[in-house]
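Have a look at the structure below, then the notes.
The values are calculated or read from the model by the stated rules, or taken from the named source; none is laboratory data. What you are looking at is a predicted structure, and each value in this text was computed from that prediction instead of being measured. Using ideal geometry, Cβ is built from the backbone for each residue, glycine included, and neighbour counts are taken over all protein chains shown. These accessible areas exclude ligands, DNA and RNA; they are computed on the full protein's heavy atoms, side chains included. Shrake-Rupley method; radii C 1.70, N 1.55, O 1.52, S 1.80 Å.
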Amino acid sequence: MSERLDVRKTYKLLVGGAFPRSESGRSYEVVDANGLFLANVAQASRKDVRDAVVAARSAQRAWWSLTPYNRGQVLYRLAEMAEARAGELSEQVGRAEGTRAGEARASVGRSIDRLVWYAGWCDKVGQVLGGQNPVAGPYFNFSVPVPSGVVGVLADQDSSLEAFVDAVAAPLATGNAVVALASEARPIPAVLLGEMSATSDLVAGALNVLTGRTGEIAPVIASHEDVDGLDLTGADDDFAGELGALAAETVTRVLRGADPQDRGLKRLRAFVETSTVWHTIGQ
Amino acid sequence: MVEVSPAPLRLVVDDERALRPRPGASVPVVESEVQLRALLRALSGVDAVGAEARAAKLATRSLKRETKRAAIDLALSMVDLTTLEGADTPGRVASLCAKARRPDPEEPDTPTVAAVCVYPDLVSTAKTHLAGSGVRVASVATAFPSGRASRAVKLLDVADAVVAGADEVDMVIDRGAFLAGRLGEVFDEVVAVREACGPAHLKVILEVGELVTYDNVRRASWLAMLAGADFIKTSTGKVAVNATLPTTLVMLEAVRDFAESTGRLVGVKAAGGIRTTKEALRYLVVVNETAGSAWLDPALFRFGASSLVNDLLLQRRKQRSGAYARPDRISVD
């Protein structure tokens with residue numbers, strides 16, 4: 001009997017609920033913290049960004065039209081999926097970041113806890129960020145947080161899972177759709193989270209995960225007119241400045257310098273707009 | 001991949017592929033149904049697998065940079081901006097006309113579309129709003145889309161549109177009669193409508209989705225051209241299967257062969273289901289490679305579409321600015 005061949009995995013993009021290779025057909029090698037080969041990963045091109053934004057735009061309406069409670073359940077299910085594959089995530093986080101097994105497991109545990117935390121926020125942001133305004137007349141005046149729309153995320157380059165979870169779960173919790181560019185050197189845990197999202201009842205296209213060269217892809221996301229918000233965590237100061245200038249062309253909301261360790265509401269606040277509604281009191 | 005030359009869009013050297021009618025070519029005069037049958041029977045059958053393979057092959061060709069820019073502008077200038085809904089109002093037609101005159105107000109050099117296509121009762125509205133713009137008014141007629149009415153009613157429908165000022169009339173053929181083999185009846189009807197059109201151009205809709213086979217598409221194309229059609233059009237856009245690349249290829253072969261044997265150039269209009277720039281450019285490649293560069297002209301090739309225009313405008317902006325454009329910055333119809 002012949003020896004069994006390994007089935008090696010090529011990590012694909014997540015665009016519109018499907019897992020395509022890059023439109024360009026390119027891929028690149030990812031190595032672990034010690035420089036040893038890990039896997040081949042799809043290298044996205046500008047056309048993949050275009051496809052992802054189109055998918056995100058149509059998914060955003062469907063995602064936001066769910067009840068906040070339902071969105072919370074979906075994010076919670078994503079946490080369940082991640083919990084079931086925590087072993088695989090830990091191994092990949094450990095190899096990517098060069099940390100010991102125990103430390104990697106703890107990091108994955110924190111990531112999953114953060115998902116649950118954001119899941120809980122889905123039906124609470126309205127009460128916390130919105131409210132009833134005092135008016136001098138016989139009517140109500142409400143402020144309601146609504147999602148910005150499509151949010152581009154440049155994920156943190158070092159923290160392969162924890163920071164990624166924060167960066168994508170926060171805009172998802174407030175009803176945005178996300179086009180995320182994973183860390184260039186450590187993309188695998190992010191891709192795995194994307195795979196899990198496809199079995200979590202998340203609206204196809206609400207989360208899109210691209211992998212590739214940050215220098216090539218980030219400007220395309222930043223200059224895309226149909227991107228409403230941009231999280232620049234993964235860009236250094238100079239590069240973030242350039243990207244911010246591109247984004248300013250179409251008045252894109254930009255989040256810069258968010259601390260990956262920040263446990264406040266900064267990320268939840270980052271990509272919402274306030275809609276003010278008047279209503280009669282009635283009898 | 002063929003590297004193509006910059007604008008204006010001439011993808012091949014003119015003389016090599018130019019149309020050469022046979023010596024003494026002329027349109028045969030059809031005098032009887034028997035003769036018409038004989039003419040159509042003499043057409044060879046379509047190699048269905050070959051047509052589909054050829055269309056698929058041509059669809060892989062990509063246009064870049066200057067050529068793409070020129071092709072987008074050309075495609076825009078070939079669009080019949082269409083609204084054929086029960087809910088059409090004069091206001092809607094007015095806004096469509098405004099869009100036809102100036103598809104992208106932020107880019108003043110955007111070419112105008114070829115025509116606005118409406119139901120006969122809205123022709124006069126369209127005519128008023130398009131006055132002096134050079135954009136033509138097309139009207140569907142002959143009990144569009146099913147064509148299920150008596151000849152008299154259909155001719156009145158046409159007369160109505162022509163009196164209201166339609167520059168082009170899109171008629172539907174009687175598919176029931178064609179499929180039942182009553183070819184003479186279909187032919188006579190096209191001839192009668194041709195007369196009723198007067199100076200207006202006649203586009204004959206074959207409704208390829210209902211003709212089922214490529215052989216039928218080829219025969220119906222020839223029948224319409226022999227009866228005097230200025231254009232043959234794929235479909236109404238109201239049935240499940242509309243324009244496809246292989247069917248359009250078969251029709252383009254028909255107009256090419258017809259031109260070679262008769263010397264008369266007939267146009268083709270692909271309608272229904274073409275929504276993206278990518279698809280439109282594939283059609284242009286097929287037009288060029290099948291009928292020849294003479295057909296890369298709004299006088300001989302048209303797209304019947306509504307949402308296609310927005311995608312063309314988005315891609316046009318993308319070509320200009322380098323950044324992907326935002327759909328809601330363009331008028332939504």
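Some points to look at:
- Cα centroids of region B:92-119 and region A:206-283: 35 Å apart.
- Inter-part distance, region B:292-322 to region A:110-146, computed on C-alpha centroids, equals 46 Å.
- Translational diffusion of region B:100-237, estimated by Stokes-Einstein from the Kirkwood radius over alpha carbon pairs at 25 °C in a medium of 0.890 mPa s, is 159 µm² per second.
- P(r) tail fraction, the protein assembly as shown - alpha-carbon pairs more than 31 Å apart, %: 60
- Those residues of region A:28-65 whose amide nitrogen sits under 14 Å from the label point placed on B:Lys64, 7 Å along Cα→Cβ: none
- Total buried accessible area between B and A, probe 1.4 Å, nearest 100: 900 Å².
- Beta-bridge orientation, chain A: approximately 50 percent antiparallel, per DSSP, counting only bridges with both partners inside.
- With Cα atoms, 0 to 90° folded angle of helix A:188-197 axis to chain A main axis: 50
- Expressed to the nearest 5 percent, the antiparallel share of DSSP beta bridges inside the protein assembly as shown is 30 percent.
- In the complete set of protein chains, residue-level accessible area for A:Arg57 is approximately 40 Å², probe 1.4 angstrom.
- Under Stokes-Einstein, with the Kirkwood radius over Cα pairs as Rh, the value for region B:203-287 at 25 °C and 0.890 mPa s is 193 µm²/s.
- Around the amide H of B:Val169, modelled in the peptide plane, lie the amide H atoms of B:Ser139, B:His201, B:Leu202, B:Lys203, all under 5 Å away and 5 or more residues distant in sequence or on another chain.
- Its Cα centre serving as origin, region A:110-224 has a Cβ charge dipole (Lys and Arg +1, Asp and Glu -1) of approximately 200 debye.
- With every protein chain in place, region B:36-320: carbon and sulfur % of accessible area (1.4 Å): 53
- Here's the picture: charge each Lys and Arg Cβ at +1 and each Asp and Glu Cβ at -1 in chain B, and of B:Val140, B:Tyr214, B:Val191 the one pushed furthest to the positive end of that dipole is B:Tyr214.
- Within chain B, the selection of entire DSSP H helices by a Cα span of 20 Å or greater along the long axis and an average Kyte-Doolittle value of at least -1.0 returns B:183-197, B:245-262, B:307-321.
- Computed accessible area, B:Tyr119, all protein chains, 1.4 angstrom probe, square angstrom: 50
- Considering only the Cα atoms of region A:100-152, their convex hull presents on average a projected area of 5.9 nm².
- Each Cα pair under 8 Å and six or more residues apart adds its separation to the average, and for region B:36-320 the resulting relative contact order is 20 percent.
- Just so you know, the averaged projected area of the alpha carbon convex hull for chain A sits at 17.5 nm².
- Normalised per residue, the volume of the convex hull around the Cα set of region B:50-174 (Å³): 138
- Reduced Cα scattering model of chain B, Debye log10 I(q)/I(0), q = 0.11 Å⁻¹: -0.68
- Distance violations [Cα-Cα > 24 Å] among A:Lys47/B:Lys57; B:Lys154/B:Lys233; B:Lys233/B:Lys318; A:Lys12/B:Lys57: B:Lys233/B:Lys318; A:Lys12/B:Lys57
- Comparing the full protein assembly with the isolated chain (1.4 Å probe, heavy atoms, ligands and nucleic acids excluded), the residues of region B:285-330 losing at least 50 square angstrom of accessible area are B:Tyr324, B:Arg326.
- Nearest-ten-degree value, helix A:214-223 long axis tilted from longest Cα axis of chain A: 20
- For the protein assembly as shown, accessible area per residue (1.4 Å probe, heavy atoms of protein chains only), Å²: 43
- For chain A: relative contact order, % (alpha-carbon pairs under 8 angstrom, 6 or more apart): 24
- For A:Thr199, B:Thr67, A:Thr274, A:Thr233, the ranking by accessible surface with the largest value first comes to A:Thr274, A:Thr199, A:Thr233, B:Thr67, using a 1.4 Å probe.
- Region A:1-131 shape via C-alpha gyration tensor axes, a/c threshold 1.5: oblate
- Value of [θ]222 nm, deg cm²/dmol, for the protein assembly as shown, DSSP H segments ≥ 4, -39500 (n - 2.57) each, nearest 500: -14000 deg cm²/dmol
- Each of A:Ser197, A:Ala185, A:Pro219 was placed along the dipole of chain A (beta-carbon charges, centred on the mean Cα), and the one lying farthest toward the positive end is A:Ser197.
- Rolling a 1.4 Å probe across all protein chains gives A:His279 an accessible area of roughly 100 Å².
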